[in-house]
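Read-outs throughout are calculated quantities, based only on the coordinates presented, and are distinct from any laboratory measurement. Since we're looking at a predicted model, the values are computed, not measured. Note: ideal-geometry Cβ built from the backbone for every residue, glycine included; neighbour counts use all protein chains shown.
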Amino acid sequence: SEEGNLWLGPPKRYRVEAGRQVIVRGEDTLWSYTPETKQVTLRVGGLDSLEFGPAGFFGSLRKDFFPVDCGEDTVATKPLWSVRLAAKTETAAIQRLTLWISPSTHRVQIAEYVDYNEESARLTFTDYRNEKAGGSNRFAFSYPTGVERIVLPVLDGAADRVDDLHFLGHQDQLVDDG
């Protein structure tokens, strides 16, 4: 298991730093960087239809899951509430989700999920902090020097966003695969 940091922001923004990997989702852009590959992949637009992220399963519990059971558990000598959920569809990226919640703060302490390939992951949340809105650049990505930039195809009519990248001087982040 790896330890790392997860930052969530509205509406579906997040940043994951686990091991040496960094994944950042801005409003309509997703960056993924692993130093060993010396590559950054960038996708603009269409994220809701193909990408599953941590903000997704916390933001869509009522819509995408139904409750299986709930109860009380003890995890590492801490009493926690547990809520087990199952996906409403067989094609959902996350098929089963268990949340362990602190009875005193009502915050999720542990989230464990199983995806459609029966792969599981466990996230442990140890430090909650509130930051001022708009005061953080956590949901933007700065390119390290000397990395290859790979731009994945634009989806869902995100051409306007591509034009914005050109306007902002990021032409080198875009490729024409047509």
Checklist outcome for this item: Measuring from its Cα centre, region 57-130 shows a charge dipole (+1 at each Lys and Arg Cβ, -1 at each Asp and Glu Cβ) which, in debye to the nearest 20, is 320 debye
Next on the checklist: Can you compute the FRET efficiency between Thr145 and Trp81 using 1/(1 + (r/R0)^6), with r the Cβ-Cβ distance and R0 = 45 Å? Round to the nearest 0.05.
Outcome noted: 0.45
Checklist outcome for this item: Going residue by residue through region 36-41, the Karplus relation 6.51 cos²θ - 1.76 cosθ + 1.60 with θ = phi - 60° gives ³J(HN,Hα) values, rounded to whole Hz and with x marking Gly or Pro, of 4, 8, 6, 9, 10, 9
